[in-house]
Amino acid sequence: MQLTVTALLGLVAAANAHGIVTSPATRTPGKATEAVCGKTMVDFYQADNTSYPEALFRAHPTLGSDYNPAKCNLYLCRGYQFGDNTANVQSYKTGDVVDMSVFIRIPHKGYANVSVVDTTTNSVIGTPLISWPDNYAATLNPPANQTKFSVTIPALGDRCTTAGTCVLQWYWLGQGQTYESCVDFTTPKSMSMKLFKA
Ligand SMILES: *[C@@H]1O[C@H](CO)[C@@H](O)[C@H](O)[C@H]1NC(C)=O
Ligand SMILES: *[C@@H]1O[C@H](CO)[C@@H](O)[C@H](O)[C@H]1NC(C)=O
Ligand SMILES: *[C@@H]1O[C@H](CO)[C@@H](O)[C@H](O)[C@H]1NC(C)=O
Ligand SMILES: [Cu+2]
């Protein structure tokens, strides 16, 4: 059987990549991501959405002039931009329990967590909502509670009222490979106390 070079590269990429959040819906790359991360990056993740930046750089040591590292942080939501994901914004409120599912294709013992991240500053708001300090995805069939779990939305004040600002980010670092998946969400604006006094 004849395999084209492209098909072979596809197989290698598929065999190399290991994880993604499958539910709730996570950011995917499109035109807005291409505008700041470049076409090579978008093609790479569209071919295998479980891949990771270390593999991207191994395959493409220089990403080309359409990659703008000042605007494309490959370690925040894999670099995927909100502009491609405006139709996938969840509405949560403090105390909501969010069920999450993760697909792990290949194990890599490491640590992982899910945090609320302010994407404008790439900073974690508060502390991780759940974390696995040292034994995440260590075996081919990891404990069910590493791939199906829930997190509770904390009090966020008014920091997450604008779509695109806040994500629930799943972050996994296993054997030098970093994986992120981001769920965009908003919480409602808190009512001003003045409303009650009037
Ligand atoms: C990832 O890619 C697979 C295969 O193309 C597709 O079935 C799946 O829906 C994608 N998942 C996400 C979260 O984009
Ligand atoms: C996850 O499940 C394992 C057993 O498979 C158990 O030992 C562990 O305590 C559970 N962890 C949590 C956080 O529930
Ligand atoms: C979450 O885990 C990643 C690695 O998996 C780590 O780099 C990061 O510091 C952790 N975040 C927090 C807030 O602990
Ligand atoms: Cu690996």
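Summary table below
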{"quantity": "Rg and Dmax of region 87-198, Cα atoms only, in Å", "calculated": "16.1, 60"}
{"quantity": "Where labels lie 7 Å past Cα in the beta-carbon direction, separation of A87 and N145 in nm", "calculated": "3.8 nm"}
{"quantity": "Where Cα atoms sit under 20 Å apart: lysine pairs in the chain separated by 8 or more or lying on different chains", "calculated": "6"}
{"quantity": "Centroid-to-centroid separation of region 134-166 and region 26-75 [C-alpha atoms, Å]", "calculated": "23 Å"}
{"quantity": "Relative packing of 108-118, 86-96, 68-78, which averages over residues the other C-beta atoms within 10 Å, highest first", "calculated": "108-118, 68-78, 86-96"}
{"quantity": "Chain lengthening between T162 and T178 when straightened (0.36 nm per residue, less Cα-Cα)", "calculated": "3.0 nm"}
{"quantity": "Extension gain, K39 back to S23 (0.36 nm per residue minus Cα-Cα distance, nm)", "calculated": "3.1 nm"}
{"quantity": "With every protein chain in place, region 23-186: carbon and sulfur % of accessible area (1.4 Å)", "calculated": "53 percent"}
{"quantity": "Average accessible surface area per residue within region 23-186, 1.4 Å rolling probe, Å²", "calculated": "46 Å²"}
{"quantity": "Gained length - T120 relative to Q46, 0.36 nm times residue gap less alpha-carbon distance", "calculated": "24.2 nm"}
{"quantity": "Alpha-carbon Debye profile of the chain, log10 I(q)/I(0) at 0.12, 0.13 Å⁻¹", "calculated": "-0.62, -0.72"}
{"quantity": "R0 of 41 Å, Cβ-Cβ distance D99-T62: FRET efficiency to nearest 0.05", "calculated": "0.55"}
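The values are calculated or read from the model by the stated rules, or taken from the named source; none is laboratory data. The model shown is predicted, which means the values in this text are computed figures rather than measured ones. Every residue, glycine among them, receives a Cβ derived from its backbone with ideal geometry; neighbour counts consider all protein chains shown. In case anyone asks, the SASA skips ligands and DNA or RNA and just uses the protein heavy atoms, side chains included. Shrake-Rupley method; radii C 1.70, N 1.55, O 1.52, S 1.80 Å.
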